[in-house]
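For reference, the structure is listed below as structure tokens.
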Amino acid sequence: MVLTASLTHTSFIKLSSSFHGEPSPSFSTSSVLTGSPVTLPRSTTLHGNQSLSRKQFVVFARKLAGLEEAMKIRRERERQALTKSKRSPPLRRGRVSPHLPVPDHIPRPPYVAAEILPEISSEYQVHDSEGIANMRASCELAARVLNYAGTLVRPSVTTNEIDKAVHQMIIDAGAYPSPLGYGGFPKSVCTSVNECLCHGIPDSRQLQNGDIINIDVTVYLNGYHGDTSKTFFCGEVSDEMKNLVVVTQECLEKGIAVCKDGAPFRKIGKRISEHAAKYGYGVVERFVGHGVGKVFHSEPIILHHRNDGPGCMVEGQTFTIEPILTLGSIDAVTWPDNWTTVTADGSPAAQFEHTILITRTGAEILTTC
């Protein structure tokens with residue numbers, strides 16, 4: 001203890017010693033803390049009549065190194081506690097306004113009149129040249145709408161305002177907002193904030209500085225659905241959240257990269273899981289990608305986690321890949337509205353989605369503009 005006090009109050013200790021075998025008149029406390037090798041004579045004189053044997057010095061150095069490590073651990077714990085304290089309060093449902101009207105001249109998908117959740121179609125959606133042209137048109141519109149929606153994201157804006165703007169842009173293009181009326185969904189777009197995994201219903205909640213928000217846009221144009229989503233930053237977002245979003249987008253890209261005619265569907269989940277695991281993120285298993293085209297949701301079911309699922313991709317086929325990654329638990333809780341689904345532990349989640357077309361040599365991303 002006395003020696004520690006001496007190191008605290010003295011910048012340098014004069015020693016007759018060697019460093020890596022070379023004479024050195026002095027060493028700083030940082031040499032001890034970083035574990036730099038120091039060779040000492042059998043005893044070294046310090047202040048007054050105190051002496052420090054070689055063995056005692058090594059023990060002392062190790063204690064200091066351990067102390068530094070303990071201080072690092074403490075600082076990291078304090079940083080994590082500070083990060084947690086800065087997280088937004090848990091999501092609470094705001095006021096949901098009535099759904100917006102769609103002009104009568106715009107064609108509706110068949111499920112709108114039924115108001116019940118449709119069964120997943122068992123048919124793979126493989127298109128001829130005309131179908132591919134129609135898919136490109138609907139997907140390009142969806143991408144433009146999504147990009148526009150992203151420009152609206154800023155603190156104080158409500159998700160209901162985003163829904164209204166998206167709705168207007170879609171109907172102005174002569175298309176129908178696919179989520180509206182799907183199984184009773186009351187809005188034209190899904191807005192999933194922070195810990196919301198997906199299917200968030202736009203409401204009166206204002207976006208806060210530091211939020212992340214996934215906006216999921218699907219349009220029904222000329223009898224075909226185009227489906228895409230992206231996670232956006234609201235104001236100044238923490239590095240922790242930024243990294244999650246960046247890696248989630250990379251996972252989508254990794255999944256698309258393995259797609260081509262004849263490739264097994266299971267390779268998508270394998271590649272996504274491998275990349276997410278490098279950063280310690282969880283891949284949500286409950287929600288999947290799906291076939292899309294004339295039907296909103298169909299086979300194949302695209303699993304984003306490691307799996308042994310059967311089936312291979314076919315040229316001319318269209319489907320979505322839409323991984324969701326979390327900072328914590330991959331378990332989910334669905335609110336009483338039967339749509340909004342959040343992480344069980346309240347940890348943030350991010351998602352990205354594209355509709356792709358399988359080609360002979362790869363995959364074409366249709367939801368771009």
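What to note about this one:
- The 3J(HN,Hα) values that the Karplus relation (6.51, -1.76, 1.60; θ = phi - 60°) gives for the stretch 183-193 are, in residue order, x, x, 4, x, 10, 9, 8, 9, 10, 10, 9 Hz. Gly and Pro appear as x.
- Here the Karplus curve 6.51 cos²θ - 1.76 cosθ + 1.60, taken at θ = phi - 60°, turns the phi angles of the stretch 228-243 into couplings of 7, 8, 8, 9, 10, 8, 10, x, 8, 9, 5, 4, 4, 6, 4, 4 Hz, with x standing for Gly and Pro.
- Summed residue charge, Cβ within 13 Å of GLY183's Cβ, Lys/Arg positive, Asp/Glu negative: -2
- Using a Förster distance of 45 Å, the FRET efficiency for ASN338-THR361 (Cβ separation, nearest 0.05): 0.60
- In this structure HIS99 has an accessible area near 120 Å², from a 1.4 Å probe over the protein heavy atoms.
- Accessible area of CYS369 in the full protein assembly, 1.4 Å probe (Å², nearest 10): 100 Å²
- According to the Kirkwood relation over distinct C-alpha pairs, the hydrodynamic radius of the stretch 237-369 is 15.2 Å.
- Residue pairs, from the table LYS230/LYS260; LYS242/LYS294; LYS187/LYS294; LYS164/LYS254; LYS187/LYS278; LYS267/LYS294, whose Cα atoms sit over 30 Å apart: LYS242/LYS294; LYS164/LYS254; LYS187/LYS278
- The residues GLU115, GLU253, sorted by heavy-atom accessible surface at 1.4 Å with ligands and nucleic acids left out, run GLU115, GLU253 from largest to smallest.
- If the chain linking ASN209 and ALA277 were pulled fully straight, counting 0.36 nm for each residue of separation and taking away their Cα-Cα distance, it would gain 21.6 nm.
- For the stretch 155-255, the equivalent ellipsoid derived from the Cα gyration tensor has semi-axes of 24, 17, 11 Å, listed largest first.
- Highest average packing first - 330-338, 256-264, Cβ atoms within 10 Å: 256-264, 330-338
- Across the stretch 303-313, rounded Karplus estimates of 3J(HN,Hα) from the backbone phi angles (6.51 cos²θ - 1.76 cosθ + 1.60, θ = phi - 60°) give 8, 9, 10, 4, 7, 10, x, x, x, 10, 6 Hz, Gly and Pro being marked x.
- The stretch 221-247 versus the stretch 271-308: alpha-carbon centroid distance in Å: 16 Å
- For ASP308, ASP216, the ranking by accessible surface with the largest value first comes to ASP308, ASP216, using a 1.4 Å probe.
- Neighbours of VAL219 by Cβ distance under 12 Å: Lys/Arg scored +1, Asp/Glu scored -1, total -3.
- Rounded to the nearest 10 Å², the accessible area of SER88 at probe 1.4 Å: 40 Å²
The values are calculated or read from the model by the stated rules, or taken from the named source; none is laboratory data. Predicted, not measured: the structure shown is a model, and the values here were computed from it. Neighbour counts run over all protein chains shown; Cβ positions are idealised from the backbone, glycine included. When the accessible area is computed, the model is the full protein with side chains, heavy atoms only, and any ligands, DNA or RNA have been set aside. Shrake-Rupley method; radii C 1.70, N 1.55, O 1.52, S 1.80 Å.
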